[in-house]
Amino acid sequence: MRMDITSLQNPRVKQLVRLRERRERESEGLILVEGLYEIETALASGLIPHTLYIAPDLAGENKIHAPTTELITVTTPVFEKISYRDNPDGWLAVFPVPQRSLEEFKIVGIPFVIVAEAIEKPGNLGAILRTADAAGVDALLVCDPRVDIYNPNVVRASRGTVFTVPVAQVTNVHALDWIHKNKINVLAATPSAEIVFSDVDLRKPVAMAVGTEDEGLSNFWLDNADQKVMIPMMGTVNSLNVSTSTAILAYEVVRQRRAESHK
């Protein structure tokens, strides 16, 4: 089978490698999405790729029906060069950066928002996105992040939910202003709180703010919180991984609201 790209020195290959860097993504307005499942999730959300790359020997019989302008075949060595994951499945796409505005988010019913501040590890942000998707949050506000939401490893760790969750990358000030406009209470998760999270009524509009396990939330969120809550720690450490904490808090919101709806 004739391949469109066989050389590791091809300019396209070099561009794809550069797109792993945040500066290049922001400059070009493009992002990488690797993996059949993740690409299909992006397509289902309405995104249209510029280019789809496939390594036939890795992709096997799987197919993607995408309204794309380009379909480029590459050899396995080339795909291994452009891939950023272990055991690649032979699919990689270049999409335009999704244009999302916080002001466009639609809040229906009783709002449930997650605020994630200064997240620096792609795996943590990806896991938070998966929790947000599973728990049905109305918005995930990624504030002052140290890793951008379209980092290829965030996309991978999120299993594509970065495309299904209403997520915006905003400043703390912008996030708080939007929260106040929507009349949502801010709950700050911090080990220094005296109230256990499960003792708080989470059936009302709530924005749950979480920070990194090393530094926690900044004073901005602690000072502007309507209430501070903590997760009880019974061992020797005083904090959990931020994605774990987020999942615990989010599913308490889900539990309380489901119990209310079943009354």
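So G235 fits all but one of (1) buried (at least 19 other Cβ atoms within 10 Å of the Cβ); (2) at pLDDT below 95; what number is the exception?
(1)
State which residue is farthest from the chain's Cα centre (by Cα) when the search covers only the range 69-87 and only residues that are surrounded by 18 or more Cβ atoms within 10 Å (Cβ to Cβ) and free of Cβ contacts under 8 Å to residues at least 60 places away in the same chain.
F79
Output yes when any residue across the range 123-131 is part of a loop (DSSP other than H, G, I, E, B) and surrounded by fewer than 17 Cβ atoms within 10 Å (Cβ to Cβ), and no when none is.
No - not one qualifying residue is present in the range 123-131.
Restricting attention to the range 187-232, which residues are closer than 18 Å to L176 by Cβ and of a type in the set (V, I, T)? First the steps, then the outcome.
Residues of the range 187-232 that are closer than 18 Å to L176 by Cβ, as a first pass: 187-190, 204-211, 216-229.
Within the range 187-232, T190, V206, V210, V229 meet the criteria.
Out of curiosity, is I31 within 14 Å of F95 (Cα to Cα), touching a strand residue (DSSP E or B) at 6+ places or on another chain (Cβ under 6 Å), of a type in the set (V, I, T) and surrounded by 17 or more Cβ atoms within 10 Å (Cβ to Cβ)?
Yes, satisfied.
Checking the conditions here, which among L47, L43, L58 is within 23 Å of G126 (Cβ to Cβ) and without any contact (Cβ under 8 Å) to a residue 24 or more places away in the chain?
L43
Take the conditions touching a Gly at 6+ places or on another chain (Cβ under 8 Å), in contact (Cβ under 8 Å) with a residue 40 or more places away in the chain and crowded, with 19+ Cβ neighbours inside 10 Å and apply them to L176. Does it pass?
Considered against the rule, which asks whether it is touching a Gly at 6+ places or on another chain (Cβ under 8 Å), in contact (Cβ under 8 Å) with a residue 40 or more places away in the chain and crowded, with 19+ Cβ neighbours inside 10 Å, L176 comes out as no.
Looking at (1) surrounded by 13 or more Cβ atoms within 10 Å (Cβ to Cβ); (2) modelled with pLDDT under 95; (3) at positive phi, which one does G90 not meet, given that it meets all the others?
(2)
From the list V155, V142, V115, which one is out of contact with any Phe, Trp or Tyr (no Cβ under 9 Å at 6 or more places or on another chain), buried (at least 21 other Cβ atoms within 10 Å of the Cβ) and touching a residue at least 12 places away in the same chain (Cβ under 8 Å)? Before you say what the answer is, go through the steps one by one.
Values: V155 fails: out of contact with any Phe, Trp or Tyr (no Cβ under 9 Å at 6 or more places or on another chain); V115 fails: out of contact with any Phe, Trp or Tyr (no Cβ under 9 Å at 6 or more places or on another chain).
Checking each option against the conditions leaves just V142.
Per-residue answers, yes or no, for (1) more than 28 Å from A259 (Cβ to Cβ); (2) surrounded by 14 or more Cβ atoms within 10 Å (Cβ to Cβ):
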residue: K183; (1), (2): no, no
residue: D201; (1), (2): no, no
residue: V206; (1), (2): no, yes
residue: A209; (1), (2): no, yes
residue: G216; (1), (2): yes, yes
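Do you know which residues across the range 46-63 are aliphatic (A, V, I, L, M) and surrounded by 15 or more Cβ atoms within 10 Å (Cβ to Cβ)?
Within the range 46-63, L47, L52, I54, A55, L58, A59 qualify.
Would the range 95-104 turn up any residue that is over 17 Å from the mean Cα position of the chain (by Cα) and without any contact (Cβ under 8 Å) to a residue 12 or more places away in the chain?
Yes: one or more hits.
Yes or no: the range 24-33 includes at least one residue that is within 21 Å of T164 (Cβ to Cβ) and touching a Gly at 6+ places or on another chain (Cβ under 9 Å).
Yes, that holds for at least one residue.
The values are calculated or read from the model by the stated rules, or taken from the named source; none is laboratory data. This is a predicted model, so every value here is computed, not measured. As a convention, Cβ positions derive from the backbone with ideal geometry for all residues, glycine included, and neighbour counts pool all protein chains shown.
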